[in-house]
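Structure record follows, encoded as C-alpha cells.
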Amino acid sequence: MNGIRWSYAINQWKPQFDDFVRREQHERALKTISIAGFEGVELTYGTGRWEPLGNPQQLAANFGSVAGFRDFVRGCALDAVSSWYWDPAERSMEHLTGPLSPLAEADVPAIVARATELAEALAALGGSVLLVRPVGGAGDVEPLDDDAIGRLAACWEAVGRATSEHGVRTALHVDFLSALRRDHVPRLLDRTDPSLVGLAVDTGELTAGGIDPVSVIERSGDRVWHVQFKDALAVDDAEEYLQPHAHWTVRVRGGAREVPRWFAEPGVDGGLVDFAAVTRALQAADYDGWIVVESDQSPHPAASALLAGYLVQRELRPLVEGKEAA
Amino acid sequence: MVWTKWSYMDHWVTETPQGPQPPSFNRAYMDRYVKQLSALGFTGFDTFFFYLPLYAGMYGGVPGFERFLQDNGFDKITGIFSAYPSATRYTAPHVRETHDRIVADCENTLRMCEGLTGVENFIVMPTSTHHQTEPVTDDTIKVVADLWNRVGALTLQHGMKTTCHFEFWGAIRTREQLDTFFRHTDPELVFFFCDTAQHTIAGVDPVQMFRDYSDRCTGFHFKDTKNVDEHEAYRTPPDPELMAPQVTRWFYEMGEGGLVDFPALMKEIVASGYDGWLTVEHDKAELGGGSYAEATAVAKWYIDNVLAEAEAEARAELETAR
C-alpha cells in the first residue's frame with residue numbers, strides 16, 4: 001500500500017438478516033459508494049443464504065466465483081474490496097460450526113482455517129486487511145487475566161501468520177463492548193509479534209467507549225494497520241458494556257438511556273469525533289493504508305455515504321493530499 | 001474533456017419527523033441535501049419558482065441562497081422552472097385573456113432572481129393539462145405561442161432564455177404539435193428544453209427532437225421512463241402524472257433499464273456543439289421505497305461511467321472527422 005486510500009463499509013445497508021439480499025440492491029449500493037468518491041468497499045462477514053456478500057462460499061454461490069464478485073465490484077467502478085470484518089463468534093452455516101472462541105485453544109485451528117479462507121478471498125478481491133473481533137464482549141467472558149491475554153495473543157499471531165501468507169494483514173478491531181476496552185488493548189498488543197498482528201482503529205467505537213482515538217494513534221501508531229472513520233453520537237459512560245449480552249441490550253437497544261443510534265457517518269450533526277484531528281494524528285504516525293468510512297446502521301444509507309463523501313472530498317482528503325504533496 | 005456542467009433540478013424529497021418533505025423543511029435538511037449534491041459533483045442548481053420565496057426567507061434573499069450553494073461548491077443557480085399546469089380563470093396559456101396576468105406573474109418571478117450570478121434558463125410548461133385545453137387546434141397552439149413570445153422578450157431583458165419544457169399530459173405533446181408550436185414562436189425569443197422522459201412517454205423520440213431543434217435547445221432534464229402512454233392517460237383528469245390508473249410510476253433515474261437512449265443523446269449533444277447545462281431530474285423517486293439520495297447517486301454514477309464514455313467516443317469521432 002502506498003499512501004492512504006478511502007473505502008466505505010457496506011454493513012450500513014443491512015439492518016438485519018434478510019434485508020439487502022438482492023443483486024440490484026448491492027449494485028446500487030456499490031455504485032453509490034463509488035460515486036461518493038470511495039475506491040474500495042469493506043465487507044462484513046455473514047453466513048447463510050441471505051448473506052450473499054458474507055463469505056467466500058456465498059460469493060461463489062451468488063457470483064459464480066470470488067473472481068466473479070471481483071468483476072461485479074469493478075463493474076460498479078470500485079477498485080477493490082479493501083477489507084473484511086469477521087467475528088469468530090459468528091456461527092458458520094457453511095461449515096456447520098457454532099461460535100468459535102479465541103480464548104479456547106481447541107478452537108484456534110478452526111479460527112485459523114476460517115481466517116485463511118477469508119484472507120485468500122480477500123487477496124483475490126484486491127484487499128489487504130482482515131479485521132477481527134479479538135475477544136467477546138466484556139459481559140460475556142471472564143475477566144482477562146494474563147493467561148487469557150496470552151491465549152488471545154497466541155491465537156491472533158497464528159491467524160496473522162496464516163493471513164500474511166496471502167498478503168493480508170490481521171488487525172484487531174476493538175469495539176466499545178469489548179473485554180479489551182480500556183487498558184487491555186496495549187496489554188494484548190504488547191504480547192503479539194508486531195510483524196503478525198496490528199490494530200484497527202475505529203474512531204466511533206473508541207469514542208463510544210470513552211477512549212480518545214487520537215491518543216490511541218499517538219500511543220500505538222506504529223501498530224495501526226487499519227482505520228475506520230465513523231462518528232459516535234453517545235458515550236457509554238455508565239459502563240453498561242459490562243452487562244451480559246450487551247450486543248443486544250446496549251448496542252442495539254441503546255442501554256438504559258435507549259440511545260437510538262450510537263454511531264453515524266463522519267460529520268453528522270452532534271458527532272463527537274474530530275476527524276480532522278484524527279487524520280492529522282494518522283499523518284503524524286505516517287499511516288499508510290485504508291481508511292474505511294462507516295455509518296454502522298443508517299436509516300438512510302445512501303445519504304450517509306454521500307454526506308461522508310462530502311466530508312472526505314472537501315476536508316479530509318485535502319489534508320492527506322497536502323501532506324503527501326509536501 | 002469531460003462534461004462539467006451538470007446541474008440538479010430541485011425536485012428532491014427527504015424523510016423528516018413530519019414525514020416526506022422537501023429539504024426546505026429546515027436549514028439542517030437543506031445543508032444535508034446540498035452537501036449530497038455537492039459530493040456527487042453537481043455544480044448547477046435549477047429550482048421551482050414557488051421555492052424562491054421560501055429560500056429567500058431561509059437565507060435572507062435568493063442571492064443569499066445562491067451564496068450558500070456556492071459555499072458548497074456550486075457555480076450558481078442555473079434555471080428557474082415556472083408553470084401553470086392547471087388552467088384557471090386567471091391563468092391558462094391557451095386563453096389569451098389570461099396572458100397579461102401570466103406575464104405579470106413571470107415578472108414577479110424575475111424580480112425574485114435579481115442579484116443572482118446569472119440564471120440562464122427560464123423554464124416553462126407551455127400549456128396546462130391536455131384535458132383542460134382540448135380540442136388542441138393550430139389556433140390553440142398559436143395563442144399559446146403568442147404568450148411565450150411575450151414572456152421570451154421579457155426574460156431576455158433579465159438575461160434569461162424562455163425555454164419550453166413539454167409534458168406528456170400537456171396540450172402540446174405530439175411531434176406535429178411541437179413542430180407547430182415552434183413554427184409559431186420566434187426562434188430569438190422562445191427556446192426548447194428537452195425532458196427525455198416526458199417526450200418518450202408521449203411517443204416522441206427525444207434524440208430526434210433534439211437533433212431537429214438543437215439550434216433552439218437550451219437545456220435538458222435527463223430522466224428515464226419505462227412506459228409509453230398507450231392508454232391515453234394524457235387525457236385523464238385531473239392529473240395523469242400522479243393519478244393514471246394504468247401506470248403508478250412514470251419516471252426513473254438513468255441506468256435502470258428504461259426506454260431513453262441516453263448514450264445516443266449524449267453523442268448527439270456533443271456532435272451538435274451544444275455547450276450548456278445538462279440537468280438531472282427525479283420525479284417521485286420515493287415510489288416503491290426508493291430514496292432520492294440513492295436515485296441521484298445512481299444517476300450520477302451513470303453519467304460518470306457510461307455517458308462519459310459516450311461523450312469521449314463522440315469527441316473522438318469529431319476529431320477524426322476534422
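The values are calculated or read from the model by the stated rules, or taken from the named source; none is laboratory data. From a predicted model like this one, the values you see are computed outputs, not experimental measurements. All Cβ positions, even for glycine, are placed from backbone atoms using ideal geometry, and neighbour counts span all protein chains on display.
General remarks:
Table: residues versus (1) within 14 Å of another protein chain (Cβ to nearest Cβ); (2) within 23 Å of B:Trp148 (Cα to Cα); (3) touching an Asp or Glu at 6+ places or on another chain (Cβ under 7 Å); (4) surrounded by fewer than 19 Cβ atoms within 10 Å (Cβ to Cβ).
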position: B:Asp205; (1), (2), (3), (4): no, no, no, yes
position: B:Arg211; (1), (2), (3), (4): no, yes, yes, yes
position: B:Trp250; (1), (2), (3), (4): no, no, yes, no
position: B:Glu253; (1), (2), (3), (4): yes, no, yes, no
position: B:Ser291; (1), (2), (3), (4): yes, no, no, no
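- Leading residue by the ranking (farthest from the chain's Cα centre (by Cα)) among those in the range B:269-289 that are charged (D, E, K, R) and surrounded by 14 or more Cβ atoms within 10 Å (Cβ to Cβ): B:Glu286
- If the condition is being within 14 Å of chain B (Cβ to nearest Cβ), within 22 Å of A:Leu118 (Cβ to Cβ) and in a loop (DSSP other than H, G, I, E, B), then the range A:28-54 contributes A:Phe38, A:Glu39.
- Helices (runs of 4 or more DSSP H) completely within the range B:206-322 that count 3 or more residues being of a type in the set (A, V, I, L, M) and closer than 27 Å to B:Thr180 by Cβ: B:262-272
- From A:Val292, A:Val268, A:Val273, A:Val312, residue being within 14 Å of chain B (Cβ to nearest Cβ), under 25 Å from A:Ile35 (Cβ atoms) and modelled with pLDDT of 95 or more: A:Val312
- Scanning the range B:213-239 for residues that are crowded, with 17+ Cβ neighbours inside 10 Å and over 18 Å from the mean Cα position of the chain (by Cα) returns B:Lys226, B:Asn227, B:Asp229, B:Ala233, B:Tyr234, B:Thr236.
- Of all residues in the range B:296-309, those that are more than 13 Å from A:Ala29 (Cα to Cα) and more than 7 Å from every other protein chain (Cβ to nearest Cβ) have Cβ atoms under 8 Å from Cβ atoms of residues that are outside any helix (DSSP H, G or I) and charged (D, E, K, R), 6 or more apart or on another chain, in B:Tyr302/B:Glu253.
- From B:Thr117, B:Thr137, B:Thr162, B:Thr98, residue being polar (S, T, N, Q), under 19 Å from the mean Cα position of the chain (by Cα), at negative phi and at pLDDT 95 or above: B:Thr162
- Top-ranked residue in the range B:32-68 [being in contact with an Asp or Glu (Cβ under 8 Å, 6 or more places away or on another chain) and among the small types (Gly, Ala, Ser); ranked as nearest to the other protein chains (Cβ to nearest Cβ)]: B:Gly41
- In summary, strands (runs of 3 or more DSSP E) completely within the range B:7-111 and bearing 2 or more residues that are buried (at least 19 other Cβ atoms within 10 Å of the Cβ) occur at B:44-48, B:76-82.
- All of (1) over 21 Å from the mean Cα position of the chain (by Cα); (2) touching a residue at least 24 places away in the same chain (Cβ under 8 Å); (3) surrounded by 19 or more Cβ atoms within 10 Å (Cβ to Cβ) hold for A:Gln58 with one exception: (1).
- Of the residues A:Phe17, A:Phe72, the single one that is free of Cβ contacts under 8 Å to residues at least 60 places away in the same chain and either within 18 Å of the chain's Cα centre (by Cα) or assigned to a loop (DSSP other than H, G, I, E, B) (or both) is A:Phe17.
- The criterion of being touching a strand residue (DSSP E or B) at 6+ places or on another chain (Cβ under 8 Å) and away from chain B (no Cβ under 14 Å) does not hold for A:Gly3.
- Inside the range A:156-191, residues that are farther than 27 Å from A:Ile291 by Cβ and buried (at least 22 other Cβ atoms within 10 Å of the Cβ) make up a count of 0.
- Looking across A:Gln25, A:Gln12, A:Gln57, one residue alone is within 12 Å of chain B (Cβ to nearest Cβ) and either among the aromatic types (Phe, Trp, Tyr) or not in a loop (DSSP other than H, G, I, E, B) (or both). It is A:Gln25.
- Complete set of residues in the range A:297-307 that are more than 8 Å from chain B (Cβ to nearest Cβ) and surrounded by 24 or more Cβ atoms within 10 Å (Cβ to Cβ): A:Ser304
- Answer from A:Ile10, A:Ile111 - the residue that is within 29 Å of B:Asn305 (Cβ to Cβ) and crowded, with 20+ Cβ neighbours inside 10 Å: A:Ile10
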